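Notes to accompany the following structure.
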Amino acid sequence: MKLLSVVVPVLNEEKYLPLLLDSFANQSEKNFEVLVVDAKSEDKTVENAEKFKDRLDIRVIETERKNVAHQRNAGGKAAKGDYVVFMDADYLVKKNFVESCFLEAEKSDADLIIPFSYPITSNILWKIYFTFQNILCVMSNLFGKPFGVASGNLIKKESFLRMGGYNESVFVFEDQYFFQVAKRHKLKIKYTNKIKMYFSLRRLEKDGIIGYFYFNLYAAFYLIFKGPVFKKFYDYQMGGQVKVKEK
């Protein structure tokens, strides 16, 4: 039977990680493992992850380097699964997520599957915006420059190793560059709305609407017309370091 490995890079994610792990603990399909790749968090991230050892097949891997690409690579290499899913800590999945991953992988035989992602919000405008963004990502693949949400992308482990994993020197949009490298390696890429994920808007809350769009548009156009973004152009912070407004 095929095994799925869920890789979660974390840094100071004591608040969000337990919510994600709880959503995995309630999966209808149990044939998966979770690898939490921690970059020496200073809060209770690791402690909270280890509380799930009686509910999940879970391992905590510690890295010296605070770099999401490096952490994903460490998790991908250590994964025992035939397929690897890279998941950010501030996401949630429904109980059929793992089952849907297996079904789509078997049905499509794709090397890389990019699911649809939706915000956790009651704001209809943001829901419409991110639905439109999902559609644009699908269209981008037609032009040879595939974009997609990094979290939740499913890749065959052999394909991940063959393409060399994530480029750890890229400053931001290392996930988008990863998709484009996959295209150059002629990996079969499939977008699907059969697998859905739900994410926090904390990045938008931290940066504000103008800052959020500036960051994403600058990085996207730079990647399309010049290549990967190696230079630092924005005060970008990893996951749990992001400070959001209290509601």
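The values are calculated or read from the model by the stated rules, or taken from the named source; none is laboratory data. Predicted, not measured: the structure shown is a model, and the values here were computed from it. Neighbour counts are summed over all protein chains in view; Cβ atoms, including those assigned to glycine, are modelled from backbone coordinates with ideal geometry. For the accessible areas, the whole protein counts, side chains as well, though only heavy atoms, and no ligand, DNA or RNA atoms are used. Shrake-Rupley method; radii C 1.70, N 1.55, O 1.52, S 1.80 Å.
Exactly one residue out of 77, 107 is touching a residue at least 24 places away in the same chain (Cβ under 8 Å), within 21 Å of residue 155 (Cβ to Cβ) and open to solvent by 30 Å² or more (accessible area, probe 1.4 Å): that is 77.
Can you name every residue in the stretch 62-74 that is out of contact with any Pro (no Cβ under 8 Å at 6 or more places or on another chain), of a type outside the set (Asp, Glu) and either over 26 Å from residue 158 (Cβ atoms) or surrounded by 17 or more Cβ atoms within 10 Å (Cβ to Cβ) (or both)?
63, 66, 67, 69, 70, 73, 74
Within the stretch 48-89, the set of residues being charged (D, E, K, R) and outside any loop (DSSP other than H, G, I, E, B) comprises 50, 59, 62, 72, 77. Quick one: would you say residue 55 is open to solvent by 70 Å² or more (accessible area, probe 1.4 Å) and at pLDDT below 95? In short, no. Residue 141 fulfils the conditions (1) of a type in the set (S, T, N, Q); (2) more than 16 Å from residue 199 (Cβ to Cβ); (3) open to solvent by 30 Å² or more (accessible area, probe 1.4 Å) except for a single criterion, (3). The single residue among 60, 68, 37 that is out of contact with any helix residue (DSSP H, G or I) (no Cβ under 6 Å at 6 or more places or on another chain) and hydrophobic (A, V, I, L, M, F, W, C) turns out to be 68.
Residue selection: residue 50 satisfies the criterion of being out of contact with any strand residue (DSSP E or B) (no Cβ under 6 Å at 6 or more places or on another chain), at pLDDT 95 or above and not hydroxyl-bearing (Ser, Thr, Tyr).
Selection within the stretch 29-42: residues that are of a type outside the set (Asp, Glu) and closer than 21 Å to residue 66 by Cβ. The member of this set that is most open to solvent (accessible area, probe 1.4 Å) is 40.
Being assigned to a helix (DSSP H, G or I), of a type in the set (A, V, I, L, M) and open to solvent by less than 70 Å² (accessible area, probe 1.4 Å) is the filter here, so list the residues in the stretch 193-233 that pass it.
Residues satisfying the conditions are 204, 219, 220, 223, 224.
Annotation: of all residues in the stretch 156-192 being closer than 19 Å to residue 218 by Cβ, out of contact with any Pro (no Cβ under 6 Å at 6 or more places or on another chain) and hydrophobic (A, V, I, L, M, F, W, C), the one that is most open to solvent (accessible area, probe 1.4 Å) is 171.
Taking the listed residues 26, 96, 12, the one that is surrounded by fewer than 17 Cβ atoms within 10 Å (Cβ to Cβ) and touching a Ser or Thr at 6+ places or on another chain (Cβ under 7 Å) is 96, with no other qualifying.
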